[in-house]
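One structure is given below, encoded as structure tokens.
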Amino acid sequence: MNELELLVSGLLKAAENPIETIKREVEITGREAAGCFLGFGPEELIDAAGFLPVGIWGEEREIEKAKQYYPAFFCAPIQRVLEQGMRGEYDGLLKAMVMPVYCDALRSAGQNFKTAVPYIPVISVVFPANRKLDSGKRFLAGEYRNAGRQLSEIGEEKITEEKLKESIAVYNRYRQAMRVFAEEASLHPELMTPYRRHMIIKAACFMDKRRYTEKIIHLTDLMRQREKKAWEGKNVILTGIFLESELLLKKMESLKLTVVSDFLLQESLQFQTDVREGEDLFYSLAGRFGDMSFCPVALDPEKTRIGRLCSEAKEKQAGIIVCIPSFCDPEEYDYPLLKREFERQGIHHICLELNTSSASSQAETLLQTFAEL
Ligand code: SF4
């Protein structure tokens, strides 16, 4: 195995074994881990409080215990995380869980998690709909201050201005490195298959961002030195919440579909927007949520994502796959608007609804048809 393959295989392993990876990172960094549910965080706050921030999206599991709290069709990531928590998978691993509140499903998720998984303290952060207004940012900065206080109480480490500044710099560096990586990855479809691309991005959830960023920068450099090969596959752009299904990602690989870019909450939207430094760092962190674009869950009355997807699909000669976890109200509301515009502009697209336990064979068939057309 050459250096590039070794690096790739290490990152794949990290993403495929989240619990082992978190344990290893805890050991290396000497920090205890705190969870950050669905990537809204902000992880900078957790990092500045002396914890190892861990992105929690839920792994593919057969849902049994979480059925006591939710009907089978409920939002997949919420059910998966509750299931893992109730099975005791995070016991002794996560010292706290930061839970965002920004959609209807998440309103009850924190309360259910508190009751069903009593061994992890839950810290709720309410995200405002009016995220671009000064009042919305001030409200969110207040929520972050509260969350920071609770993290400091649990970890007994105060968040100072210097520490928060350092954490913001670490995360901005990570985000910049990821944007460059994603761009370069799209030029090497035979190497960065949909599954590999997804897993390499996902590995960031479980690793210390300082260590992870160094690996990504090195990987991008190695990719740059690699000869670009001719490729006959088809280009796709992903949008929605996530495409967390080994089965479907590998199916895409076998159909020679290449992810040229994505607007997924779990992937590029995690590193699309940096924090702009200001006098009040909590306000700066809140400003990042205000600055986010093309996100399915952050309110955007203009629906700018639709126009951006259409222009990028034409520019990159790509089809679009909309990925919706079952019962995801923000994305379900947007989909009719997306569909209408894609059809009007003649853009090839499909919608994959991802149910809780595993991707359905219907989704596989849809992918097959999508690739053949
Ligand atoms: S936005 Fe969708 S996927 Fe995310 S928690 Fe809400 S319902 Fe679930």
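The table for this structure:
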read-out	value
Carbon + sulfur, % of accessible area of the chain - ligands and nucleic acids excluded, 1.4 Å	50 percent
Probe 1.4 Å, accessible area per residue of the range 139-256, Å²	44 Å²
Within the range 278-373, GluC sites (Glu not before Pro) in DSSP loop having at most 16 other beta-carbon neighbours inside 10 Å	279, 302
Nearest 10 degrees, 0 to 90: helix 104-116 Cα axis against the chain principal axis	50 degrees
Cα shape, the range 1-79, gyration tensor, a/c 1.5 rule	oblate
Mean accessible surface per residue for the range 62-117, computed with a 1.4 Å probe while every protein chain stays in place, in Å²	40 Å²
Calculated FRET efficiency for the pair residue 253/residue 227, C-beta based, R₀ 25 Å, to 0.05	0.75
Anchor residue 303: lysines whose Cα lies under 17 Å away (excluding residues fewer than 8 positions away in-chain)	132, 339
Dipole of the range 239-373, positive direction: furthest Cα of 347, 282, 298, with charges on the beta-carbon	347
Set of lysines with alpha-carbon distance to residue 202 below 22 Å, sequence-local pairs under 8 removed	13, 23, 95, 215, 250, 251, 256
Low-density loop cleavage sites - GluC sites (Glu not before Pro) in the range 34-91, where at most 13 other Cβ are within 10 Å (DSSP)	62, 64
Nearest-ten-degree value, helix 194-203 long axis tilted from longest Cα axis of the chain	10 degrees
Those trypsin sites (Lys or Arg not before Pro) in the range 101-167 that DSSP places in a loop and that have at most 14 other beta carbons within 10 Å	158
CD proxy at 222 nm, helix term only [per DSSP H run n ≥ 4: -39500 (n - 2.57); per residue of the chain; nearest 500]	-16500 deg cm²/dmol
At q = 0.15 Å⁻¹, base-10 log of I(q)/I(0) for the chain (Debye sum, equal scatterers on each alpha carbon)	-1.49
Förster-model FRET efficiency, 35 Å R0, residue 138 and residue 302, C-beta, rounded to 0.05	0.95
Average accessible surface area per residue within the range 1-58, 1.4 Å rolling probe, Å²	36 Å²
12 Å beta-carbon shell around residue 237, net charge (K/R +1, D/E -1)	+1
Percentage relative contact order, the chain, counting C-alpha pairs under 8 Å, at least six apart	20 percent
Cα-based Rg of the range 261-373 normalised by 2.2 N^0.38 Å, two decimals	1.21
Shape category assigned to the range 1-159 from the gyration tensor of Cα positions, a/c cut at 1.5	oblate
Gyration tensor (alpha-carbon) shape descriptor, the range 273-313, a/c threshold 1.5	prolate
Net charge of Cβ neighbours under 15 Å - reference residue 63; Lys, Arg +1; Asp, Glu -1	-2
R0 of 45 Å, Cβ-Cβ distance residue 365-residue 23: FRET efficiency to nearest 0.05	0.70
Spin-label pair residue 108/residue 326, simplified geometry with 7 Å Cα→Cβ offset, distance in nm	1.6 nm
Under 14 Å, Cβ to Cβ, from residue 2 - net charge with Lys/Arg +1 and Asp/Glu -1	-3
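The values are calculated or read from the model by the stated rules, or taken from the named source; none is laboratory data. Small disclaimer: the values here were computed from a predicted structure and weren't measured. Heads up, the Cβs are rebuilt from the backbone with ideal geometry, glycines too, and the neighbour counts pull from every protein chain shown. Surface areas here come from the heavy atoms of the whole protein model, side chains and all, with no ligands, DNA or RNA. Shrake-Rupley method; radii C 1.70, N 1.55, O 1.52, S 1.80 Å.
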